[in-house]
Amino acid sequence: MPDVSLWTLLFLVIAAFAAGWIDAVVGGGGLLQLPAMLLGLPNASPAQILSTNKISSLCGTTTSAVTFGVKVRPDKKTVLPLAILAGLGAATGALVATKIPMSWFKPIVLVLLIGVAIYTAMKPSLGARTALRFDGRDHYLAASGVGVLIGFYDGAVGPGTGSFLIFALVGLLGYNFLQASAKAKIANVATNLGAILVFALHGAPLWGLGLIMGAANMVGGLLGARTAVARGSRFVRVIFLVVVSALILRLAYDVFFGG
């Protein structure tokens with residue numbers, strides 16, 4: 001547990017709660033939690049920030065994944081390969097995280113997010129209902145591919161992982177937003193676990209702080225998942241567009257102004 005003031009701890013706990021709610025609905029909670037940790041822990045190393053963020057996020061994503069699993073009942077034959085390969089991809093991504101400059105990724109991610117936002121905004125019916133685009137083996141291969149690629153991205157970089165997962169499940173596989181969000185949460189549990197295992201081997205996580213923030217993230221995740229289930233796919237789509245827009249602004253600032 002790092003030496004932080006009570007006010008700093010309170011600030012980080014509130015950020016973790018808000019991040020848990022956003023993560024449960026559409027992903028992208030790191031948009032709040034990571035900047036908050038950078039402000040509150042200016043002397044921590046990047047590996048400590050990333051790994052502690054993963055511990056907190058794991059608590060929230062596990063809670064929301066269980067809630068979605070009970071309420072939405074996602075298809076296990078799709079979720080299992082998606083989650084397993086996403087976890088392996090995240091572990092691989094975490095291994096190379098310190099070797100690849102972040103500056104290489106941010107412009108690419110910015111362009112991708114802008115494309116995601118425009119495509120989703122221009123197609124109001126996208127994700128309103130489930131209309132699967134692949135059958136049988138092709139469907140599971142597509143889900144596995146999504147898991148590996150986005151899992152690797154989560155381990156290596158991270159921001160917007162939940163949003164990318166949801167968009168891929170909606171746009172590529174044909175799920176509605178609610179079903180996609182449920183599957184994305186389960187895959188996110190696996191990506192967080194994969195990355196944490198790698199970071200833990202290097203002694204990076206701040207376990208005490210991560211678990212305290214994780215408790216707040218868990219409460220936010222529970223409330224967010226219940227809100228998403230109660231409000232349905234249309235609500236999730238709106239929040240998705242809001243979060244993706246915020247991610248675009250944040251990454252654009254980093255790319256053009258060096259934030």
Requested in this report: Neighbouring Cβ atoms within 10 Å as the yardstick, rank His139, His202 fewest first.
Outcome: His202, His139
Query raised in the report: Between Thr8 and Lys76, how many nm apart are label points set 7 Å from Cα along the C-beta direction?
Result: 4.6 nm
Query raised in the report: If you find the alpha carbon centre of the range 107-186 and of the range 35-82, how far apart are they in angstrom?
Result: 17 Å
Report task. Rounded to the nearest 500, what is the 222 nm mean residue ellipticity of the chain from helices alone, with -39500 (n - 2.57) per DSSP H run of 4+ residues and division by all residues? Result -> -27000 deg cm²/dmol
**Report entry** HN-Hα J in Hz across the range 114-119 - Karplus 6.51, -1.76, 1.60, θ = phi - 60°, x for Gly and Pro
**Finding:** 4, x, 4, 5, 5, 4
Query raised in the report: For Ser125 and Ser245, FRET efficiency with R0 = 22 Å and r from the beta-carbon atoms, rounded to 0.05?
Result: 0.65
Report summary line: In order over the range 60-73: 3J(HN,Hα) from phi, Karplus 6.51/-1.76/1.60, θ = phi - 60°, whole Hz, x for each Gly or Pro, gives x, 5, 5, 4, 5, 5, 5, 4, 4, x, 6, 7, 9, 6
Query raised in the report: Using θ = phi - 60° and the Karplus form 6.51 cos²θ - 1.76 cosθ + 1.60, what ³J(HN,Hα) does each residue of the range 222-233 get, whole Hz, x for Gly and Pro?
Result: 5, 5, x, 5, 5, 5, 4, 5, 6, 8, x, 5
Query raised in the report: For the range 162-227, rounded, prolate or oblate, judged on the Cα gyration tensor with a ≥ b ≥ c (square roots of eigenvalues), a/c < 1.5 rounded, else prolate if a/b > b/c?
Result: oblate
Requested in this report: Note down, for the chain, the three equivalent ellipsoid semi-axes (square root of 5 times each alpha carbon gyration tensor eigenvalue), biggest first, whole angstrom.
Outcome: 27, 19, 18
Requested in this report: Return the subset of Lys54/Lys77; Lys76/Lys123; Lys71/Lys185; Lys54/Lys185 for which the Cα-Cα distance in this structure is over 22 Å, preserving the input order.
Outcome: Lys54/Lys77; Lys76/Lys123
Query raised in the report: Against the longest principal axis of the chain, how steep is helix 177-201, in degrees 0 to 90 to the nearest 10, with axes from Cα atoms?
Result: 40 degrees
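None of the figures in this text is laboratory data; all of them are computed from the coordinates on show. Keep in mind the model is a prediction, meaning the values are calculated, not measured. No Cβ is skipped: glycine too gets one built from the backbone with ideal geometry, and neighbour counts run over all protein chains shown.
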